[in-house]
1. As an exercise, identify the chymotrypsin sites (Phe, Trp or Tyr not before Pro) in the stretch A:107-197 lying in DSSP coil whose Cβ has no more than 14 other Cβ atoms within 10 Å.
2. Can you list, by residue number, the Cys in chain A that have no neighbouring cysteine C-beta under 4.7 Å?
3. Rounded to the nearest 0.05, what FRET efficiency do residue B:112 and residue B:186 have when you use their Cβ-Cβ distance and R0 = 25 Å?
4. Anyone know which of B:219, B:33, B:199 comes out most mobile in the 10 Å Cα GNM of chain B?
5. Could you calculate the FRET efficiency of residue B:173 with residue B:149 from 1/(1 + (r/R0)^6), where r is the beta carbon distance between them and R0 is 25 Å, rounded to 0.05?
6. Between residue B:268 and the same site in the other copies, what are the distances in nm, shortest first, taking label points 7 Å from Cα along the C-beta direction?
7. Which whole number gives the average, over all residues in A:12-25, of C-beta atoms from other chains lying within 10 Å of the residue C-beta?
8. If the elastic network links every pair of Cα atoms under 10 Å, which of A:238, A:152, A:85 fluctuates the most in the Gaussian network model of chain A?
There are 2 protein chains.
Amino acid sequence: MLDPASRVRRFNRAVTSAVGALDSSFLGRGRPLGAARVLNAIGHGRSDVAEIRDYLGLDSGLMSRLLRSLEDEGLIETTAREDDARRRMATLTRAGRREFTAYEALSNAQAEGLLAQHSQREALLAAMDLIASALTRERVTLEEMDPRCEQARYCLGEYYAELGRRFSQGFDVSLSRGPDAKDMRRPRGTFLVAMSDTLPIGCVGLKGTDHGYAEIKRLWVAPAARGLQLGRRLMDGAESAARELGIALLRLDTNSALPEAGRLYRSTGWREIPRFNDDPYPDLFFEKRL
Amino acid sequence: MLDPASRVRRFNRAVTSAVGALDSSFLGRGRPLGAARVLNAIGHGRSDVAEIRDYLGLDSGLMSRLLRSLEDEGLIETTAREDDARRRMATLTRAGRREFTAYEALSNAQAEGLLAQHSQREALLAAMDLIASALTRERVTLEEMDPRCEQARYCLGEYYAELGRRFSQGFDVSLSRGPDAKDMRRPRGTFLVAMSDTLPIGCVGLKGTDHGYAEIKRLWVAPAARGLQLGRRLMDGAESAARELGIALLRLDTNSALPEAGRLYRSTGWREIPRFNDDPYPDLFFEKRL
DNA sequence: CGCGATACCTGACTAAAGTCAGACATCATG
DNA sequence: CATGATGTCTGACTTTAGTCAGGTATCGCG
């Protein structure tokens, strides 16, 4: 009654019926699921027809018919793209936006309803994050972003909060050598965010310096995404970027209160070196030649 | 990017495609999904046709046709029930059992494959248990069982393990007043197990005594099922059983290291009383008149 | 400009799932 | 034993999703 496979299968059964309930709530608006999915994809900002078709995995004939039916309902308009008149763009009309909003409300109500049943909301949400990250693992993308953008700032906030919990003396950003945002932008460096669907679940910064090396900073992986080798992927991404930028030597500092980080560095060709800065927080220093 | 509804919806999206993959793996055996689901329901021990129809939510016409197609394939046999010839029973033939086994293998392989991706198996499984319990909350049933049966023993084992973790001095069953199994069977008492799908997720014992009262023993709720008010449901069930058995006074002992239990008792009409036994573990004693 | 490639559309088709009304045998009850 | 209720079956039908083979307009390139 306890073997892992049957636990997974119990989860599958539970979730199948819950997801089925969501689907059928979408049917309540008198439109088949296929059309509703296309409408929602457009509402969520996808406008290129080929992109939607690809995202939803639809045949081009079927896609065309679904677009036609939405058009007949007066919910969308399609126009040829200016730069290539073969391709088409779909946009919501006023009525389409109303309908999309109604679907959003349904979806949110369904989500809230699911949460309302449970008194330990946060535990349930954390479990969902964990599972979503595990299931979408192969669809996690690394994206170069400005270190000041919303997603990057979210990651950094979580990172600092985690250091605060893990360091016995806490963590105060202002005491640490905060890397300047422009040092983590091309061409001096870069900043990578790991995105799972629309949620940032990890980040790493490559910070250019004037000392003949670049530094790896702010490596963070969301608790829900640990165990997926994401730290390794982020480090690989940062190293590739460094090579592209013609950087030959990398350094980083870390703390022995973060043993999993130390293990990662040691197992991927980093070599411990003496202290190379006077930041009060780190007590371990590494270097890697590319 | 962090509001609860969008976290739930991200989970939904992630899980929809994973569940879709399971479904399509079932299509690999050249049979439509509907027929495969019926075959699997029969394989899992459901034989009454009306029960299967109800479980799978099928129309009786459709159900009949699916049974016919499985029969034509030589996978099942249907017979009229002896006690009511209108109702029909379906059983697997030898070929049907082979086919069912193949589906089971597919299902297990799919489950294992999902787990294999993740290095923190136990965390992933715990998250799945939590979600499955939350989603199937309204389908949790309380069942009277023999305290010696497999499900009951599993619950008790988990219960003792938890006490061992929660009590600073640990917990040794042999030092505690182990209630005799026959005191927790009708007509002296009873033993209730909360079942979610096929997994036991909680229990409570009603133990008859010769002192003019009965005792509540072994109240346990699986960690994955906490926050669902299951403790309250179990206690309600035990009290109803006590009333049926003509028991007018209930007592229980507990420990202040289990504060959630104490809160539950106080909020449901239990009154603290002086120590009424010499068990070394409890330090709190309650009574409730029915 | 001509030509193959590309993006989308249309028509014809199929499979699966499901609905509904009525037929038929059996059951419980007065 | 007549009667209405129940469980199953059958035939006729619909909806949805999806496939496939052309058809048409447009694009990039020699």
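No lab work stands behind these numbers, since they all come straight from the coordinates. Not measured: the values here are computed from a predicted model. In this analysis, Cβ positions are derived from the backbone assuming ideal geometry, glycine residues included, and neighbour counts consider all displayed protein chains.
1. Qualifying residues, ordered by number: A:167.
2. So far as the 4.7 Å Cβ criterion goes, A:149 stand without a partner in chain A.
3. 0.05
4. It is B:33.
5. The formula returns an efficiency of 0.90 here.
6. List, nearest first: 5.1 nm.
7. Mean partner shielding for this stretch: 6.
8. Per the Cα network of chain A with a 10 Å cutoff, A:85 tops the list.
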